[in-house]
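Engineer: First the structure, then my questions, so here it is.
Here, each number is a calculation from the coordinates, and none is a lab measurement. Note that the coordinates shown come from a computational prediction; the quantities given were computed from them, not determined experimentally. With ideal geometry, Cβ positions are generated from the backbone for all residues, glycine too; neighbour counts draw on all protein chains shown.
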Amino acid sequence: MKYLKSIISISCLATAALLIAACGPGEQDDGVITITGNDQMQFSPTEFRVAAGSEVTLIFRNIGQMPKEAMGHNLAILPQGTDPQAFAQEAIRHEANEYIPPEWDDRVIAATRVLGPGEEETLVFTAPSEPGEYPFVCSFPGHTPAGMWGTMTVE
Ligand SMILES: [Cu+2]
């Protein structure tokens, strides 16, 4: 039991180290934000910050290995106050539009297409002028409910 406990605390330490490291990759020296999605339906990092009204370059990369049909990922940044789960529920029916409901095309702040394993897409967009928290989601069916969403903070 003691042995088990020490393994658990080591893995917590490793996790903490990873979390600290993750503070860096979210925003790199050149101001480019890189976010990954994996086969466990996790974004990393799940939070990033941008300056209001600034031009943002965001690279989204699918670092998984599973086929796109089973484990594709997109990244859509939604208006302030959007319920990520409600959006994802609506998005399920819109595979033909990269899982973005067409009526939301003009409302999403930025969105990638659905990416397969090893693919990446770079988004360049202007951050909203209004400070606050803006959710981002992967709207591939089942992924937002599984926790694949995060927050862009505009400050
Ligand atoms: Cu996903």
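Engineer: Say we look at the range 131-140 and pick out the residues that are farther than 11 Å from ASN74 by Cβ and not acidic (Asp, Glu); which of these is farthest from the ligand (Cβ to nearest atom)? If you could, list the steps in order and put the result at the bottom.
Structural biologist: Here is the first cut: in the range 131-140, the ones farther than 11 Å from ASN74 by Cβ are 131-135.
In the following step, the residues that additionally are not acidic (Asp, Glu) were identified as 131-132, 134-135.
On the way: PRO131: 28, GLY132: 24, TYR134: 18, PRO135: 14 Å.
So, considering only residues that are farther than 11 Å from ASN74 by Cβ and not acidic (Asp, Glu), the one farthest from the ligand (Cβ to nearest atom) is PRO131.
Engineer: I'd like the residue in the range 124-155 that is touching a Ser or Thr at 6+ places or on another chain (Cβ under 6 Å) and in contact (Cβ under 8 Å) with a residue 60 or more places away in the chain and, out of all such residues, is farthest from GLY37 (Cα to Cα).
Structural biologist: For the range 124-155, the residue satisfying everything is ALA127.
Engineer: Any chance you could count how many residues in the range 32-75 are more than 11 Å from the ligand (Cβ to nearest atom), over 13 Å from the mean Cα position of the chain (by Cα) and without any contact (Cβ under 8 Å) to a residue 40 or more places away in the chain?
Structural biologist: 2
Engineer: Could you list, in sequence order, all residues of the range 144-155 that are buried (at least 18 other Cβ atoms within 10 Å of the Cβ), near the ligand (Cβ under 10 Å from one of its atoms) and more than 16 Å from PRO101 (Cα to Cα)? Outline the logic, then answer.
Structural biologist: We begin by selecting, within the range 144-155, every residue buried (at least 18 other Cβ atoms within 10 Å of the Cβ); these are 144, 148-150, 152, 154.
Now narrow it down to the ones that are near the ligand (Cβ under 10 Å from one of its atoms): 144, 148-149.
Selection gives MET148, TRP149.
Engineer: Out of (1) more than 14 Å from the ligand (Cβ to nearest atom); (2) within 14 Å of the chain's Cα centre (by Cα); (3) within 21 Å of VAL32 (Cβ to Cβ), the odd one out for LEU78 is which?
Structural biologist: Unmet for LEU78, out of (1) more than 14 Å from the ligand (Cβ to nearest atom); (2) within 14 Å of the chain's Cα centre (by Cα); (3) within 21 Å of VAL32 (Cβ to Cβ): (3).
Engineer: To continue, here is another question. With respect to ALA88, determine if the residue is under 14 Å from the mean Cα position of the chain (by Cα), buried (at least 21 other Cβ atoms within 10 Å of the Cβ), among the small types (Gly, Ala, Ser) and at negative phi. Walk me through it before giving the result.
Structural biologist: Working: under 14 Å from the mean Cα position of the chain (by Cα): yes; buried (at least 21 other Cβ atoms within 10 Å of the Cβ): yes; among the small types (Gly, Ala, Ser): yes; at negative phi: yes.
So ALA88 fits the description; yes.
Engineer: Here is a further query. Do any residues in the range 99-122 that are under 19 Å from THR57 (Cα atoms) and in contact (Cβ under 8 Å) with a residue 24 or more places away in the chain have Cβ atoms under 6 Å from those of residues that are charged (D, E, K, R) and surrounded by 15 or more Cβ atoms within 10 Å (Cβ to Cβ), where the two are at least six apart or on different chains, and which pairs are they?
Structural biologist: Every condition considered, the pairs that remain are THR112/GLU121; ARG113/GLU98; VAL114/GLU98; GLU120/ARG61.
Engineer: Next question. Any residue at all in the range 121-133 that's of a type outside the set (Lys, Arg), more than 20 Å from ARG49 (Cβ to Cβ) and out of contact with any His (no Cβ under 8 Å at 6 or more places or on another chain)?
Structural biologist: Taking the range 121-133 and keeping what is of a type outside the set (Lys, Arg), we get 121-133.
Remaining after also requiring more than 20 Å from ARG49 (Cβ to Cβ): 121.
From the residues that got through so far, the ones that are out of contact with any His (no Cβ under 8 Å at 6 or more places or on another chain) too are 121.
Yes, because at least one residue in the range 121-133 is of a type outside the set (Lys, Arg), more than 20 Å from ARG49 (Cβ to Cβ) and out of contact with any His (no Cβ under 8 Å at 6 or more places or on another chain).
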